[in-house]
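Scroll down for the structure; my scribbles are underneath it.
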């Protein structure tokens, strides 16, 4: 019995020691095994995936993508936009083309509205009228930027039967077996550039006056003023400065002259000039019945 009691006491001491040791140990961190660990401060090597970079193309001095029509790579002829022009202007028509340098482009200008010509009128090869088959010419393609050819053609609108306030088509074609064509529309105004017109005078019976009028085009618009001088063969003269007005037809001027200021007279000499540009002027002589001395009457300045 004495041996058994000593053995029992020994077992109690051993068990108590194990329990005390279990309470003093800290639990290991989640995911990290307990015990001594050596943590490396050197980062693990990365596996780098090489990047594929698309380099932007070198920008050209001219945007070739805008020069070349988008689409299927077919041959082409382009006509650059045509600005508004006046009778007497020399128009430069131009454009670009896929046709190679040295190749020929055929050009033709013809009226936009068809009408027949008098039988008595002699056909002219270089007339823009339909009955004369249009104004025709050829030009040679020149080398241009981006490997695109260029072409140009100058036409004087004071020739070739151009008519005021008329619309026209210009057509450009070429390419031989791979035929290509393009057409553009343009207009020509009736008032020559930098000019003054003088219409035939009109009687105003209500005011017992003569009404003078015309149009103006010298780039100054309503900022322009005109000098008007009316002289009679009797020696009387009227001079005044008149403003320029504007309506849907453009810039115009008018003046009513009382007949009592100028009578007696057999004819009148009328002169209208620009205040800012005196060289822009017109002078005409009219009889007492307002008819011009010279026929046919030309309302445009020289």
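Given the residues 273, 232, 256, which is the only one that is under 24 Å from residue 294 (Cα atoms), in contact (Cβ under 8 Å) with a residue 24 or more places away in the chain, surrounded by 15 or more Cβ atoms within 10 Å (Cβ to Cβ) and under 43 Å from the mean Cα position of the chain (by Cα)? Just one listed residue meets the conditions, 273.
Out of the residues in region 206-222 meeting the condition of being in a loop (DSSP other than H, G, I, E, B) and either touching a strand residue (DSSP E or B) at 6+ places or on another chain (Cβ under 9 Å) or free of Cβ contacts under 8 Å to residues at least 12 places away in the same chain (or both), tell me which one is surrounded by the fewest Cβ atoms within 10 Å (Cβ to Cβ). Among them, the one singled out is 206.
Conditions tested, residue by residue: (1) touching a residue at least 24 places away in the same chain (Cβ under 8 Å); (2) surrounded by 15 or more Cβ atoms within 10 Å (Cβ to Cβ); (3) not assigned by TED's automatic domain parsing to the domain that holds residue 79.
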residue	(1), (2), (3)
201	yes, yes, yes
204	yes, no, yes
240	no, no, yes
248	no, no, yes
268	yes, yes, yes
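Selection of region 79-93 for residues being under 16 Å from residue 183 (Cβ atoms) and surrounded by fewer than 15 Cβ atoms within 10 Å (Cβ to Cβ) yields 80, 81.
Residues of region 276-291 that are crowded, with 17+ Cβ neighbours inside 10 Å and over 41 Å from the mean Cα position of the chain (by Cα): 286 alone. Please tell me if residue 152 is at negative phi, in contact (Cβ under 8 Å) with a residue 40 or more places away in the chain and assigned to a loop (DSSP other than H, G, I, E, B). No; evaluated as a whole, the condition is false for this residue.
Scanning region 248-302 for residues that are in a strand (DSSP E or B) and on the phi > 0 side of the Ramachandran plot yields one hit, 250. If you check 272, 263 for being closer than 13 Å to residue 212 by Cβ, out of contact with any helix residue (DSSP H, G or I) (no Cβ under 6 Å at 6 or more places or on another chain) and assigned by TED's automatic domain parsing to the domain that holds residue 225, only one passes: 272. I'm checking my understanding of the structure. Among residues of region 223-235 that are touching a strand residue (DSSP E or B) at 6+ places or on another chain (Cβ under 9 Å) and not in a strand (DSSP E or B), which one is nearest to residue 286 (Cα to Cα)? Only one residue fits best here, namely 233.
The values are calculated or read from the model by the stated rules, or taken from the named source; none is laboratory data. Here the structure is a predicted model, which means the values were calculated and not measured. Positions of Cβ are generated from backbone atoms using ideal geometry, with glycine treated the same way; all protein chains shown enter the neighbour counts.
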